[in-house]
Amino acid sequence: MEQPDNEALGERIRELRATTGLSMRDLASRAGVSPGYISQIENGHKNASIAVVRAIAAAFGITWLELFQPAPEHGRVLRRSERPRLFSDGDVAHYGITQPPIGNVEVLVSEYAPGQGTGNEHYTHGDSQEICLVTRGILRITIGGESHVLQAGDSVEFRTSTPHHVRNPGPDDAEAVWVVTPPSVPAWKDQPGS
């Protein structure tokens, strides 16, 4: 027997809050409604308007249609060919691995053409823990003025509040997996010289 729409929506919102760590008060504030209204929706006692549904979805960083899709029971598969391209810096491409809603960790893959890189000696973003694992090629990573050359299989860990930048000094393309927890938003266009 299928759940009534209100109950299914309420359950999905509760799941998403648990995944993202958002309190009811935080979600209500982001969606522009009261915490009591969110509580009524979550308990299946209130029928939300499309405007409220859209606002709640935006608070989670997903489309409103994703609020009506059940969460997978045993994980989600993301094929390499389906990775969303997030942005590019010249000949550096960044692809998202974590799928919305992003909770307490963000994972992306970056591909670097020879001689290319990102950031500069002033580049920082938030104060999160960041891990870089080189999966192909060679990368020179400078953190707080100290440079390290990493080859495939090497990794480095640092705080995103420490100035850092990355370059591919090798003759071949390089690739790295980046893990950031909690997620922080790079301000690529706000950095001097970027």
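How high is the relative contact order of segment 78-137, in percent, counting Cα pairs under 8 Å that sit 6 or more residues apart?
24 percent
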Helix-derived mean residue ellipticity, 222 nm - over the chain, DSSP H n ≥ 4, -39500 (n - 2.57), to 500:
-6500 deg cm²/dmol
Cα centroid distance between segment 87-154 and segment 1-66, in Å?
34 Å
Specify which labelled value, from [x] 134; [y] 118; [z] 161, agrees with volume of the Cα convex hull per residue in Å³ derived from the coordinates of the model shown.
[x]
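So for the chain, averaging the separation of alpha carbon pairs under 8 Å that are six or more residues apart and normalising by length, what relative contact order in percent results? Provide the component values of the computation, followed by the final result.
Values: 385 pairs, mean separation 36.2, N = 194.
This gives 19 percent for the chain.
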Computed over segment 112-171, Kirkwood Rh from alpha-carbon pairs, angstrom:
11.5 Å
Tally up the carbon and sulfur contribution to the accessible surface of the chain as a whole percent, 1.4 Å probe, everything protein left in place.
49 percent
Tilt, helix 50-60 to longest principal axis of the chain (alpha-carbon atoms), in degrees rounded to tens, equals 40 degrees
Rounded accessible area of residue 181 (nearest 10 Å², 1.4 Å probe)
60 Å²
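In Å², and per residue, what accessible area does segment 87-169 have when probed at 1.4 Å with the other protein chains present?
On the way: 3680 Å² over 83 residues.
Result: 44 Å² per residue.
Could you please report the charge total around residue 22, scoring K, R as +1 and D, E as -1 over all other residues with beta-carbon less than 11 angstrom from its beta-carbon?
Working: positive: 14, 17, 25, 30; negative: 26.
Local charge sum for residue 22: +3.
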Given the whole protein assembly as supplied and a 1.4 Å probe, what does the accessible area of residue 178 come to in Å², nearest 10?
20 Å²
15 Å beta-carbon shell around residue 138, net charge (K/R +1, D/E -1):
-2
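The values are calculated or read from the model by the stated rules, or taken from the named source; none is laboratory data. On a predicted model such as this, the values are computed, not experimentally measured, just so you know. Positions of Cβ are backbone-derived with ideal geometry, glycine not excepted, and every protein chain shown enters the neighbour counts. We work out accessible area using only protein heavy atoms, side chains counted, and drop any ligands, DNA or RNA first. Shrake-Rupley method; radii C 1.70, N 1.55, O 1.52, S 1.80 Å.
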